[in-house]
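Notes follow the structure.
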Amino acid sequence: MSSTDEHREPLLLVVGPTASGKSRLGLEIAEAIDGEIISADAFAVYRGLDIGTDKPDAEARRRVPHHLIDVADPDQRFSAGAFVEAANMAIEEIRNRGTIPMVVGGTHFWIRALLVGLFPAPPRESEISDRLASEWDRDPAVVFGRLRSVDPAAAERIGARDRQRILRALEVFEATGVSISQHWADHGRIRKFDPILVAPERPRKELYDKIDTRVDVMFASGLREEVRRILASGVPRSAHALKAIGYRQLVQFHDGDCDLESAIHNTKAASRKLAKRQLTWLRGLTEGTLYWIPPAESGGTEKAVRLWSDTLRGRGHK
């Protein structure tokens, strides 16, 4: 342990791919250590997106306080910068109450921003951004292919459908001559937290089976009607909130671009691709030490609590 580590505040984070069991694990750990949960889910922040984001239900929120859920309207864009500001405030408030803040979620871009900060990106250049936007409108696949050629790490992390982040990554590269991944690598040498990251580990087939089951449950629980209500409320189809997996596919269904069976199939496929990207990020994680532990139902809670206690003792915390 370095002297720098001794001056950082320890922070427990429960991360992992979609459907791996983060929520249950985080809830049980929080109960065991008198913690409060800060959600790091880029779509659970939006009001009305309940079924498709698998938000903690009323019972879970009664058992443990949750933060940064239902804090934005779905026609707004809640950015990584807004998350970092709100999460830092929540962490301070929780500690002032004498309880333990925990971060639970799978939006790894947000987690990275919280742990290492947002790098000072160059200001937007309208000439570049307008040209890239026009090129995207003509052929998104060609634009994404360009990102994959100049910054394969960013392309893998972002995915082929996130228009805003793809265009921004290309804009940063064209404006600076340096990839956005390299900017991230060069940034974050001074860090505020001493992170302890845990993730529930499952065999790949088991994880994919759980993803498929979750999607079936979501659709059976009224996801189709939830999306219809959101659209009827006036939220535009272009809203960032409706880019979430499940919501995007159902917007296509409501627009007549696919049938319901295809929407379900495409949601499962997109969820598995997301899980693959999340696992890739976790295996290459540089923001802190990651501990793979069993899921909650296999003893993961006890292992995480013991790891947290041992880590605190080893770093001089009571």
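Tabulated data for the structure shown
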| item | result |
| --- | --- |
| Check on LEU285, in contact (Cβ under 8 Å) with a residue 24 or more places away in the chain, within 16 Å of HIS108 (Cβ to Cβ) and buried (at least 16 other Cβ atoms within 10 Å of the Cβ) | yes |
| Residue match in region 190-202 (condition: farther than 27 Å from ASN88 by Cβ, out of contact with any Gly (no Cβ under 6 Å at 6 or more places or on another chain) and assigned by TED's automatic domain parsing to the domain that holds ASN88) | yes |
| Selection within region 20-46 - of a type in the set (D, E, K, R) and in a loop (DSSP other than H, G, I, E, B) | ASP34, ASP41 |
| Enumerated helices (runs of 4 or more DSSP H) restricted to region 47-129, each holding at least 1 residues that are touching a residue at least 60 places away in the same chain (Cβ under 8 Å) and either surrounded by fewer than 16 Cβ atoms within 10 Å (Cβ to Cβ) or over 15 Å from the mean Cα position of the chain (by Cα) (or both) | 80-96, 108-116 |
| Of the criteria (1) over 14 Å from ALA199 (Cα atoms); (2) of a type in the set (D, E, K, R); (3) modelled with pLDDT under 95, which one ARG283 fails | (1) |
| From GLU93, GLU59, GLU85, GLU36, residue being among the charged types (D, E, K, R), in the same structural domain as ALA220 (by TED's automatic domain parsing) and closer than 26 Å to LEU242 by Cα | GLU85 |
| Flag for GLY48 being at pLDDT below 95, out of contact with any strand residue (DSSP E or B) (no Cβ under 6 Å at 6 or more places or on another chain) and not hydrophobic (A, V, I, L, M, F, W, C) | no |
| Long-range neighbours under 8 Å by Cβ, at least six apart or interchain, first residue more than 12 Å from GLY26 (Cα to Cα) within region 292-311, second part of a strand (DSSP E or B) and hydroxyl-bearing (Ser, Thr, Tyr) | LEU307/TYR291 |
| Candidates ILE180, ILE196, ILE211, filtered to the one that is under 28 Å from LEU167 (Cα atoms) and surrounded by 15 or more Cβ atoms within 10 Å (Cβ to Cβ) | ILE180 |
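Yes/no matrix, rows are residues, columns are (1) surrounded by 13 or more Cβ atoms within 10 Å (Cβ to Cβ); (2) at pLDDT 95 or above; (3) more than 22 Å from VAL116 (Cα to Cα); (4) touching a strand residue (DSSP E or B) at 6+ places or on another chain (Cβ under 9 Å):
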| position | (1), (2), (3), (4) |
| --- | --- |
| ARG277 | yes, no, no, no |
| GLU297 | no, yes, yes, no |
| LYS303 | yes, yes, yes, yes |
| THR311 | yes, no, no, yes |
| GLY314 | no, no, yes, no |
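The values are calculated or read from the model by the stated rules, or taken from the named source; none is laboratory data. This is a predicted model, so every value here is computed, not measured. Here the Cβ is made from the backbone with ideal geometry for all residues, glycine too, and neighbour counts use every protein chain on show.
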